[in-house]
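Notes follow once the structure below has been shown.
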Amino acid sequence: MGLEVVVEGLTKSFGRQTIWRDVSLTLPAGEVSVMLGPSGTGKTVFLKSLIGLLKPERGRVLIDGVDMVNDPDRKVYETRKRFGLMFQDGALFGSMNLFDNIAFPLREHTRKKESEIRRIVLERMEMVGLAGQERKLPGQISGGMRKRAGLARALVLDPQIILCDEPDSGLDPVRTAYLSQLLIDLNARIDATMLIVTHNIEIACTVPDNIGMLFRRDLVTFGPREVLLTSDEPVVAQFLRGNRHGPIGMSEEKDATALAAEARLSLPAARVPEIVPQLEPSPGMPDRGAVNRRRERVLSMLAQLPPAAQEAILNSLLPPARDGRR
Ligand SMILES: Nc1ncnc2c1ncn2[C@@H]1O[C@H](COP(=O)(O)OP(=O)(O)OP(=O)(O)O)[C@@H](O)[C@H]1O
């Protein structure tokens, strides 16, 4: 099963620019979480801090007893091997074919025989729908295929935690829907803890068990998906609706004058997305182990959640009616 990731009081700056401060959250073991946030709010910096590639000034990131911020490099390096990382562009080597790209971490970090490497690489390529494409170069395949190749490479060392940085960037809506299903199927198959950074509302509404959001140097919220999806926080509502009106501006924050002018206008209400059911694994896939664990966890915290989130959670636990509605 995946590992729990506990983040406590994390603060990161570059020089005088504070990226975010005092961020605390727990990625529950084996569950899928999404981190939302407008461009430039430090989502990628957050991912890099989890794996110890960037060092926040304050706070801890605890994974199986190792603190990725403060422990010696040797321990951090060992724990990093338990992560699988999927970067925005797949981060493939352009001169290597897909097989060699995906085999790279195995050849670099293990002493496995070539026959074993071949078995693992072909299995992971099959998992992400790339069977038969081993000899293609990254330049000869589509962006979506490159992303799936990046995902296959992230899987070869059997990671217990998978971090995906904007897996949907550059994909059309149909390919994004396939990718969402692939991420859920993957979670069902390997039960890894997953954190996906994205701007994509479709992914946020259908894939994760938990959702968080970074804005203006703070973690606005992190918790069961129903909390953010029913939130009436202006920044959350604006982000979910993809609306110009609200605290998020072109350069991340609007100044007080612009906000006051907006408040004086009476603006048409934008469409509020409904809570849609979370994706389930494809037919033939195992059930997700995370579902039962999450149900117990969320029910134990129910009384502390806002009323709208409580209602949405209880509705989601009801058996579907004959017409498929809850
Ligand atoms: N190594 C670095 N040195 C200095 N500043 C950095 C460094 N890495 C990131 N930053 C700054 O940190 C801020 C957050 O960047 P980050 O890439 O994490 O944002 P993001 O939320 O992932 O954005 P996007 O959604 O556009 O990818 C930006 O202002 C960026 O310029």
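Overview of results
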item: Accessible area of residue 199 in the full protein assembly, 1.4 Å probe (Å², nearest 10); result: 70 Å²
item: Per residue value of the accessible surface for the chain (all protein chains in place, 1.4 Å probe), Å²; result: 51 Å²
item: Zone residues, region 185-209, relative to residue 112, backbone N less than 19 Å from point 7 Å out along Cα-to-Cβ; result: 186-187, 189-193
item: Portion, in percent, of the accessible area of region 8-155 that falls on carbon or sulfur, probe 1.4 Å; result: 47 percent
item: Nearby lysines by direct alpha-carbon distance to residue 112 (threshold 18 angstrom, same-chain neighbours under 8 apart not counted); result: 81
item: Folded to 0 to 90 degrees: helix 143-155 orientation relative to the chain principal axis, Cα; result: 70 degrees
item: Spin-label model distance (nm) - residue 300 vs residue 11, 7 Å beyond Cα toward Cβ; result: 3.1 nm
item: Protection proxy ranking, peptides 28-40, 161-173, average beta carbon neighbours within 10 Å, highest first; result: 28-40, 161-173
item: Cα centre as origin, Lys/Arg/Asp/Glu Cβ charges: the chain dipole, Debye; result: 580 debye
item: With Cα atoms, 0 to 90° folded angle of helix 173-190 axis to the chain main axis; result: 70 degrees
item: From the C-alpha gyration tensor of the chain, square roots of 5λ in Å; result: 33, 24, 21
item: Helix axis angle, 289-301 relative to the chain longest principal axis, alpha carbon, degrees; result: 30 degrees
item: Computed [θ] at 222 nm, helices only, for the chain once each DSSP H run of length n ≥ 4 contributes -39500 (n - 2.57); result: -11500 deg cm²/dmol
item: Potential extension, residue 95-residue 241 segment - 0.36 nm per residue separation minus Cα distance; result: 48.4 nm
item: Virtual spin-label span in nm between residue 22 and residue 317, 7 Å along Cα→Cβ; result: 3.2 nm
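The values are calculated or read from the model by the stated rules, or taken from the named source; none is laboratory data. Note that the structure is predicted; figures quoted are calculated from it, not measured. Methodologically, a virtual Cβ is constructed for each residue, glycine included, from the backbone with ideal geometry; neighbour enumeration extends over all protein chains shown. These accessible areas exclude ligands, DNA and RNA; they are computed on the full protein's heavy atoms, side chains included. Shrake-Rupley method; radii C 1.70, N 1.55, O 1.52, S 1.80 Å.
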